[in-house]
Structures are given as structure tokens and as C-alpha cells.
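These notes are about the structure you will find just below.
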Amino acid sequence: MSRFDDEKFKQLQLKVKFHVIPNTRLKKFSKLFTGYTLGLTKGEPGNFVMTPMYAENADKIYRMKPRSDDVWLLTFPKCGTTWTSELLWLLKNDCDTDTAAKIPLHARTPFLEMGYLSVMEGPMKKMIMTVDKVEKLPSPRVIRPHLPMYLLPPELLETSKVVYVARNPKDVIVSYYFHHKLIKSHGYTGTLEELAEYFMNDEVLYSPFFPHVLDAWSKRNHPNMHFMFYEDMKKDLRGEIEKVAKFLGKSLTDEQLDKLREHLRFDNFQKNESVNNESAKKFGVMNEDGRFIRNGKTGDWKNHFSPELNKRIDEWVARNLEGTDLKFVTELEHQD
């Protein structure tokens, strides 16, 4: 990058202003989300909901310099991020599962904004990948933010390969509920139905859901964008691995494809200590009850939604997809 380009990046300024959401400072909210001691913030324009610490550091991420050999994985939370991160790292590193087993996924594919979600102390503080650390990583990098595209470096799609994974919102809500119960920084004490209401009202971390997905969907035909669905991975994992490999310019043998499929099969993935985040319990980040890699099934929402809640969610989905050509699969007859 030339000196001129370097200066241009330094001068980039995010045109989104964040302010505290008053309701998140009230007792009703703080009793349900005990981890948000400072409340949450909302960005304008875009209505993006995030922590105050992220709001103070949003410009750092926006001004990052993407590299031509980067792969950025973009997802709303609980849409197959961990699963796809492992796939992307292996594709960029010659399917080296031995090295992958020795190095935790969070060190191989940094969760970009994790250091700005809550205050980290002790060993966790040293382990967290900040923007400064990510910028010093050797190429090729696999980077995974949950942020919507407009909060990421503006040159990203023209510079790097971008993989976006979408998942049906019904299963996302269920998975996000269990995630909120598991992660102590959320400290969620409420019910699934209460979380679903906050989710539909765009009052949970990383909301709103639909603009996040639809923005990427509108860019799905860009040559540097590979848009995929979680449900397609559940239906035909080997076939989706082939598609992603082709997008990244990787040619795999049948033996490598079979190896990757077996490595990523849910039962094996859940037991894999380099990806399942069970070690976070030792550092007090997660509660003992529950798993980070929990269920993974498409259609699990049917085990949790009442008919009345399901009706309200269907109506919410229909309103938000009206006038678009985006469609979600919410059930599968057969899945890996």
C-alpha cells in the first residue's frame, strides 16, 4: 500500500454515531441482562445495537486494512460461525487438521470485536485478539466479525474474499437464547419468549437481524462474495465444502473432501476441544450448565416455540421479507 493510501486509511471516519439506549439502563432490562452494567448503545443511522465499549472503538475496525489474501467470514451470531471458521481455516491451510487440533480456533480465526464486548481480566485479557493484534497476524488471515457490512472497512469487498453465512431466524432465536444463558457477559435470566420479543424489537446485541442479512444478500453476486445458507451445510456438507473451496480457488481431492466432511460432522465437531470453547468455562467466561456447540439442528425451534409465539415470529418474518427475494428454510427432512 502506498503512503498516500496509508494516509487515506488513517483519515477514514465512520459516519455512525452511537448513543446509550435509555431502556437498557432501567431495572427491568438490567434484571434480565445482568451482564450489561453500562447498558447498550445504538448506532445511527442503521440502529445497530452494541456495547458501549464497541461504540468507543468502532472506528478502529472501520479503519482496518483488508489484505488481498484475507478471508472474512461475516455472520449474525449463532449462524454457523464457528463451524464455517474451521472450514475456511482448513481450506486456507492445506486441510491441516493436526495443526488445527493444537491451536484453538479463536487464535487461528480471530473474533474481531470480541475485545470490545466486555471488560476482560486475567488470562482471558491476554488471549483476546484485539484489532492491533489482528493487524500484525501473518497472511493468510481468516477474520470473523459479527458486524454488519457497513461497519467494516469500506474497501473490504473490493480487496478480500468474503463469505457470508445466513441461517433461518427461528433457529437463530433459539440458539441465541441458549447462548445468552451460557455466556456470563450477557447474564441473561429471562425466558425464551422474552428474548424472542427483544430479538423481534431489535433490542438484543447485534440487532437488527434482517438488515444484517439483507445487506449481504444484495451483494451476493459480487465476485468476491460467497453467500451461503447454514441449512445447505446441514443438508449437503460435502457439496457446500466443494463450493467454498472453488470460491477460494482451492482444488481438493476426494480424500481431502471426505476428510473435511468427517472433521466437520456435528458429532465430531462438538467433541473437538480446539473449537468447542469448553475451555472458556475454566476462565469463568461461561456457565457450567450448557454447551457452546449445543445442538446444530435445523428445525429445533419446533421443540421450543408455543403456537402463539410461532405465529408472531412468522408474521415478523413475513413483514421483514416483504418485497425481497430472500427465503429461509426452517425445516429439513434429512440433515447431516
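The values are calculated or read from the model by the stated rules, or taken from the named source; none is laboratory data. Only a predicted model underlies this, so the values are computations on that prediction, with no experimental measurement involved. Cβ atoms come from the backbone with ideal geometry, glycine included; neighbour counts cover every protein chain shown. Remember, those area values only see protein heavy atoms, side chains included, never the ligands or the DNA or RNA. Shrake-Rupley method; radii C 1.70, N 1.55, O 1.52, S 1.80 Å.
Residues in the range 289-328 that are modelled with pLDDT of 95 or more, more than 20 Å from E193 (Cα to Cα) and either among the β-branched types (V, I, T) or open to solvent by 20 Å² or more (accessible area, probe 1.4 Å) (or both): L321, E322, G323, T324, D325, K327, F328. Counting only helices (runs of 4 or more DSSP H) wholly contained in the range 141-238, the ones carrying 3 or more residues that are on the phi < 0 side of the Ramachandran plot and among the charged types (D, E, K, R) occupy 169-182, 192-200, 230-235. The residue pairs whose first member lies in the range 193-222 and is under 19 Å from T41 (Cβ atoms) and open to solvent by less than 20 Å² (accessible area, probe 1.4 Å), whose second member is of a type in the set (D, E, K, R) and in a loop (DSSP other than H, G, I, E, B), and whose beta carbons are closer than 9 Å, counting only pairs six or more residues apart or on different chains, are P208/D202; F209/D202. Does at least one position in the range 51-61 carry a residue that is open to solvent by less than 20 Å² (accessible area, probe 1.4 Å) and either basic (K, R) or within 16 Å of N201 (Cβ to Cβ) (or both)? Checking the range 51-61: not a single residue is open to solvent by less than 20 Å² (accessible area, probe 1.4 Å) and either basic (K, R) or within 16 Å of N201 (Cβ to Cβ) (or both). If I filter the range 223-248 down to residues being among the basic types (K, R) and free of Cβ contacts under 8 Å to residues at least 40 places away in the same chain, which single residue comes out as farthest from L91 (Cα to Cα)? Ranking the qualifying residues of the range 223-248, first place goes to R238. Among residues that are surrounded by fewer than 21 Cβ atoms within 10 Å (Cβ to Cβ), closer than 24 Å to P211 by Cα, in contact with a helix residue (DSSP H, G or I) (Cβ under 8 Å, 6 or more places away or on another chain) and in contact (Cβ under 8 Å) with a residue 60 or more places away in the chain, L73 is not included. For the range 18-46, a residue qualifies if it is open to solvent by less than 70 Å² (accessible area, probe 1.4 Å) and within 16 Å of E56 (Cα to Cα), and the qualifying residues are F18, V20, I21, Y36, G39, L40, T41, K42, G43.
Of all residues in the range 25-50, which are modelled with pLDDT of 95 or more, touching a helix residue (DSSP H, G or I) at 6+ places or on another chain (Cβ under 8 Å) and among the β-branched types (V, I, T)? Answer for the range 25-50, where residues must be modelled with pLDDT of 95 or more, touching a helix residue (DSSP H, G or I) at 6+ places or on another chain (Cβ under 8 Å) and among the β-branched types (V, I, T): just T41.
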